[in-house]
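**Student:** Mind looking over this structure? Questions follow.
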Amino acid sequence: MLTLAATPADSVRVLDPVVVSATRSETRLDKIPQKLVTISRQDIALVPAADLPDLLKKTAAVNIIQYPNLSAGIGIRGFRPQFSGLNQRTLLLVDGRPAGATNLATLMLTGVERVEVLKGTASALYGSQAMGGVINVITRRSTGEPGGSAYLDYGSFRTLQAGLSSGGNLTKRLDYDLSFGYVERSADFRIGGDNLLRNLFGFGTAVKNYTNKPSAEVDDRQGDGQVRPNTQLHYYSGGLRLGYQLTEGWRMDVRGDRFEAKNVQSPGEISSGTTDASSKDVQRNALELAVSGKIGAYHRPTLRVFTADESNANYTLNSGGKAIAPYRSNRTANAWTGLQIKDIWTIGAHSVVFGYDYLDASTKGRRWSDATTERAPTQPDYALISSAVYAQAMLTFNRLTVQPGLRYDNSTFDVRETPLLSAYKPGKKANAFWSPNLGLVYQLPKYFRVSGTVGRAFVTTDAYSVAGYVEARTTAGKIAITSGNPDLKNESSVSWDAALGYRNAKNGLSGGITYFSTEVTNRIAKVVQQVNEPLANGDVIVSRTTFVNAAGSRIRGLEAEGAYDFGAKTQYKYSLRVFANATVMFRATEDIVGTDRSVVVRDVMNVARSNGQIGVEYDDLKQFRVRLSARWTGVRKDIDYTDVESPEIEYAPYAAADASASWRFRKNHSVTFAITNITDENYYEKRGYNLAGRAVSLRYGIVF
C-alpha cells in the first residue's frame, strides 16, 4: 500500500543507526548477529503493495504462497510457507506479541511504522514456530502535536483504496494513534497477457514428474490475458491505541484492532473454470494492555496481556458443476490469550532481557453438508497451552558482541470434546523443550563485520497427534483405532549461519553474504499397523494407527544483498540508491514417511531454488520520489492434485516488475502514481490460482 511522500525527517535516515526490536529489546541493528531485514515506513511508502504478503515478497526475498482471495503465508530459509493452522514454522508478531493471525493477508499496512524480518532460528526468545524466522510488525506510537495523513486511491479493476492515520498527544499525559484502511475491488481482475519477461527468459513451461512414467512438460500459459471471474473483494481494517503517562517513568498503553472482509470471492482452481468458485468471510480482532516503565537506572520492565481471535467462514456456491443457493459449508475459529512479563536489565555496556510468557492458543471447526445439516469437522477441537521462561544477554566487549540465550517451554496439548466427533476422546499431555542459542558479532576494521549464530528451535505438533483417540467402525464389526502418542517429541531443528557484512554510510555502500544450514529432526509421521484383535462383543480391531517421530529435513542456502547510494557523493543532498538481494537454496529436502514406515526423500514443496529482487530508488529529499524494482522466483515444486495421478510438478519460474512515483506539492499534499506487474506477466504463487496482470493506480494524499 503506497502512503504519502517522505517527511523532512526521512532525509537523514541513511545516516542514523537503525534500531530494531525483534530481539525483544531495542538494539542497534549492527549489534545483532542474526540476519534481519528492516522494511521501514519509507520503504512501505514506495513499494506498490496491497498488503503484508505483497510487501514481503517484493522486499525480503522470502517464499510466499498466495491466493487471489485473501489467503497467504510465508516461509523463510527453506521452510514451506503455511497460511493456516497453529503450528506454523514462521512466527508472526505484532509489536512483539503473537499477532492473533494464521493468515498473513489479514494484516494491512495502514498505521505500520516498520516490519522486521528476522531470518533464522529464534525459539530461544519466542518459543514454538520460530524455526525459519520471525515477522514482527511494529505499529506507530505517536507523541507531540497531533497530526496525521489520509489518502484516496483509485486504479485498475475498479479498485478503490482509502486510509487514515493520525496520532499525537491529546493532553500532556494522554497520547493516541488511530488508523483505518479500506480496500474494494469491484471488478474481476484480468490475468497477465503480454508476458514480456516470460517470453524473454523462456518461462512458459512446467514439468510433471510421475512415479510410473516419464516426466511431461506442461504448457504454463493457461489463462493468458483472460478476465478471471469471481475475484472481487472488499475489506477494512482499523486500529486504535491510547497511551497514558502514569508517572515520569511509567506508562500504560491499550491497543485494539479489527480486520473484516465479507463475501470475498474465490475463483477456485483455474482449470475448473467457474464450477469451483466459492466465497468467504474473514474476521480478526486483537486487544492488548501493556504497562512499561523504569526501576532505577538499570531495569525496564514490561507487563503485557493480550487476546485475539480469527475466524474464516467458507460458502459453497456450486454443486456438481451447477450453481446453487449459497450456504456456509465450514467455519474455522482460532483464539489466543496470553501474558508477557519481561525486564531489560542494563549493566554498563551489557544488557540482559529475561521474562515469562504464557499463551493459550485454541482452534475450533464446524462443517455443513447443506444450509441446515451439520456434519462432523475434519479434526477435533484442541488447544496448545504453553508456559515459558527465557533469558538472553547482549554482552559487548569493544568490537565483540556475544549474545547467549536460553528458553524453557512447557507445552500442554489439550484435545477437547467436539460435537459430532464422539469417537474422539478428550485428552491432555504435557512436554517440555529447551531452546539454547548463541550469537557472535565482531566489528572488523574498514566498516566490515563478521557474525554467526547457532541455535535450537521447535514447533509443537498438533494436539490430537499427542493426546487424541478415535475409534472408527470401517464395516460391520470391524474397528480402526487411531491414538495419539504421548511420548511424541516436538519437531525440532538445529540451525547455524555465518555472515560477512559491510556498511559505510559515508560512501553509501552496504552489503553482505550469509550461509545458513538447518537440520530438522523428529518430524511427525502417521503409521498404520494391521492387526487382528477380537473383542468380547464379537467386534474385531483390524488396524491401529498412531504417530511417530520418524522424518527429518535438510536445508542449506545462501543469502546475499547489496546497495549503493550515489547521493553519498553529495553528502546526501539527494538519494539515488541501487539495490539487490537474493536467496539461493543449495538443498531443501524432507523425508516423507509412508503409513508402512517406508521413507521417500523429496524437495520441500513451494520453496524456490532461488528468488530475489533488484531495483533503483530516487529521492530529491524535497518533492519527488521514484522507485523501480523487479523480482524473480525460481523453480518451485508442489503436488498437482488436478491430475488423477497426483504427480510432483515443477512450477515455471517467473519475473515481475513494479514502479511508483510520488510528487509532493504545497508542503502537505501529494500525488502518487503506481504500476504493478509492468510487463503484464501471467504468474502465480500457487499454481492454478493465477494473480492479477498489469494494474495502475493514482493516489492523492494529504498530511495534516
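The values are calculated or read from the model by the stated rules, or taken from the named source; none is laboratory data. Owing to the predicted nature of the structure, the values given are computational and were not obtained by experimental measurement. Cβ: placed from backbone, ideal geometry, glycine included. Neighbour counts: every protein chain shown.
**Student:** Kindly indicate whether residue 652 is modelled with pLDDT of 95 or more and closer than 23 Å to residue 50 by Cβ.
**Tutor:** On the way: modelled with pLDDT of 95 or more: yes; closer than 23 Å to residue 50 by Cβ: no.
Criteria not met by residue 652.
This table checks each residue for (1) more than 30 Å from the chain's Cα centre (by Cα); (2) in a strand (DSSP E or B); (3) closer than 24 Å to residue 272 by Cβ; (4) at pLDDT below 95.
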{"site": "221", "(1), (2), (3), (4)": "no, no, yes, yes"}
{"site": "224", "(1), (2), (3), (4)": "no, no, yes, no"}
{"site": "252", "(1), (2), (3), (4)": "no, yes, no, no"}
{"site": "258", "(1), (2), (3), (4)": "no, yes, no, no"}
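**Student:** Can I ask one more? Which residue pairs have Cβ atoms closer than 8 Å, lie 6 or more positions apart in sequence or on different chains, and pair a first residue in the range 273-298 that is surrounded by 15 or more Cβ atoms within 10 Å (Cβ to Cβ) with a second residue that is of a type in the set (D, E, K, R) and part of a loop (DSSP other than H, G, I, E, B)?
**Tutor:** From residues that are surrounded by 15 or more Cβ atoms within 10 Å (Cβ to Cβ), the pairs are 276/269; 288/95.
**Student:** Now a separate question. List pairs: first in the range 418-430 and within 14 Å of residue 472 (Cβ to Cβ) and at pLDDT below 80, second among the β-branched types (Val, Ile, Thr) and buried (at least 16 other Cβ atoms within 10 Å of the Cβ), Cβ under 8 Å, 6+ apart or cross-chain?
**Tutor:** That search, which allows pairs on different chains as well, returns 423/470; 424/415; 424/418; 424/470; 425/415; 425/470.
**Student:** Moving to a separate point now. Output the residue which, of all residues in the range 66-92 that are among the aliphatic types (A, V, I, L, M) and within 10 Å of the chain's Cα centre (by Cα), is nearest to residue 559 (Cα to Cα).
**Tutor:** Here is the first cut: in the range 66-92, the residues among the aliphatic types (A, V, I, L, M) are 70, 72, 74, 76, 86, 91-92.
So of that shortlist, the ones also within 10 Å of the chain's Cα centre (by Cα) come out as 72, 74, 76, 91-92.
On the way: 72: 23, 74: 17, 76: 11, 91: 20, 92: 21 Å.
Filtering first and then ranking leaves 76.
**Student:** A further question on this structure: Which one is nearest to residue 379 (Cα to Cα), of the residues in the range 435-459 that are of a type in the set (S, T, N, Q) and touching a helix residue (DSSP H, G or I) at 6+ places or on another chain (Cβ under 9 Å)? Don't jump to the end; show me each part of the working.
**Tutor:** Going through the range 435-459, the residues of a type in the set (S, T, N, Q) turn out to be 435, 437, 443, 451, 453.
Narrowing further to those that are touching a helix residue (DSSP H, G or I) at 6+ places or on another chain (Cβ under 9 Å): 435, 437, 443.
Details: 435: 30, 437: 35, 443: 52 Å.
Applying the filter and picking the extreme gives 435.
**Student:** Moving to a separate point now. I need the full set of residues from the range 493-519 which are under 23 Å from the mean Cα position of the chain (by Cα) and either buried (at least 20 other Cβ atoms within 10 Å of the Cβ) or in a loop (DSSP other than H, G, I, E, B) (or both), in order please.
**Tutor:** The answer is 493, 495, 497, 514, 516, 518.
**Student:** Does the range 643-657 include one or more residues that are under 20 Å from residue 81 (Cβ atoms), among the hydroxyl-bearing types (Ser, Thr, Tyr) and touching a helix residue (DSSP H, G or I) at 6+ places or on another chain (Cβ under 8 Å)?
**Tutor:** yes
**Student:** Here's something else I'd like to know. For the range 135-152, state whether one or more residues are buried (at least 23 other Cβ atoms within 10 Å of the Cβ), outside any helix (DSSP H, G or I) and touching an Asp or Glu at 6+ places or on another chain (Cβ under 7 Å).
**Tutor:** yes
**Student:** Moving to a separate point now. State the number of residues belonging to the range 179-218 that are assigned to a strand (DSSP E or B), under 30 Å from the mean Cα position of the chain (by Cα) and among the aliphatic types (A, V, I, L, M).
**Tutor:** Of the residues in the range 179-218, the ones assigned to a strand (DSSP E or B) are 179-185, 190-191, 205-209, 216-218.
Still in the list and also under 30 Å from the mean Cα position of the chain (by Cα): 179-185, 190-191, 205-209.
When the remaining residues are screened for being among the aliphatic types (A, V, I, L, M), the result is 183, 191, 206-207.
Selection size over the range 179-218: 4.
**Student:** Run residue 268 past the list (1) small (Gly, Ala, Ser); (2) at negative phi; (3) outside any strand (DSSP E or B); (4) crowded, with 18+ Cβ neighbours inside 10 Å and report the number of the one that doesn't hold.
**Tutor:** (2)
**Student:** Looking at the structure I just gave you, is residue 164 among the hydrophobic types (A, V, I, L, M, F, W, C), modelled with pLDDT of 95 or more and surrounded by fewer than 23 Cβ atoms within 10 Å (Cβ to Cβ)? Give the derivation first.
**Tutor:** Working: among the hydrophobic types (A, V, I, L, M, F, W, C): yes; modelled with pLDDT of 95 or more: yes; surrounded by fewer than 23 Cβ atoms within 10 Å (Cβ to Cβ): yes.
When the stated conditions are applied, residue 164 passes them.
Yes or no, residue by residue, for (1) under 16 Å from residue 206 (Cβ atoms); (2) surrounded by 14 or more Cβ atoms within 10 Å (Cβ to Cβ):
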{"residue": "593", "(1), (2)": "no, yes"}
{"residue": "601", "(1), (2)": "no, no"}
{"residue": "620", "(1), (2)": "no, yes"}
{"residue": "623", "(1), (2)": "no, yes"}
{"residue": "641", "(1), (2)": "yes, no"}
{"residue": "647", "(1), (2)": "yes, yes"}
{"residue": "655", "(1), (2)": "yes, yes"}
{"residue": "673", "(1), (2)": "no, yes"}
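**Student:** Select from the range 176-217 the residues that are within 17 Å of residue 688 (Cβ to Cβ) and β-branched (Val, Ile, Thr) and list them in ascending order.
**Tutor:** 191, 205, 207
**Student:** As an exercise: evaluate residue 82 against (1) surrounded by fewer than 24 Cβ atoms within 10 Å (Cβ to Cβ); (2) free of Cβ contacts under 8 Å to residues at least 40 places away in the same chain; (3) touching a helix residue (DSSP H, G or I) at 6+ places or on another chain (Cβ under 9 Å); (4) not basic (Lys, Arg) and give the number of the one condition it does not meet.
**Tutor:** (3)
**Student:** Which of the residues that make up the range 543-595 are outside any strand (DSSP E or B), among the polar types (S, T, N, Q) and farther than 30 Å from residue 485 by Cα? Give the derivation first.
**Tutor:** Quick first cut of the range 543-595, residues outside any strand (DSSP E or B) only: 566-574, 594-595.
Right, trim to among the polar types (S, T, N, Q) and you get 570-571, 595.
Correct list: 570, 571.
Residue-wise test of (1) more than 27 Å from residue 127 (Cα to Cα); (2) β-branched (Val, Ile, Thr); (3) buried (at least 23 other Cβ atoms within 10 Å of the Cβ).
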| residue | (1), (2), (3) |
| --- | --- |
| 448 | yes, no, no |
| 457 | no, no, yes |
| 462 | no, no, no |
| 466 | no, yes, yes |
| 479 | yes, yes, no |
| 482 | yes, yes, no |
| 485 | no, no, no |
| 488 | no, no, no |
| 491 | no, no, yes |
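**Student:** Considering 666, 609, which residue is in contact with a Gly (Cβ under 6 Å, 6 or more places away or on another chain), surrounded by fewer than 21 Cβ atoms within 10 Å (Cβ to Cβ), more than 18 Å from residue 55 (Cα to Cα) and without any contact (Cβ under 8 Å) to a residue 60 or more places away in the chain? Show your work before the answer.
**Tutor:** Values: 666 fails: in contact with a Gly (Cβ under 6 Å, 6 or more places away or on another chain).
Answer to the check: 609.
**Student:** Continuing with this model, one more query. If only one of 614, 649 is assigned to a strand (DSSP E or B) and under 17 Å from residue 687 (Cα atoms), which one is it? Talk me through it step by step, then tell me what you get.
**Tutor:** On the way: 614 fails: under 17 Å from residue 687 (Cα atoms).
Result: 649 is the single residue among 614, 649 that is assigned to a strand (DSSP E or B) and under 17 Å from residue 687 (Cα atoms).
**Student:** Please work out if residue 590 is on the phi < 0 side of the Ramachandran plot and modelled with pLDDT under 95.
**Tutor:** Answer is yes for this residue.
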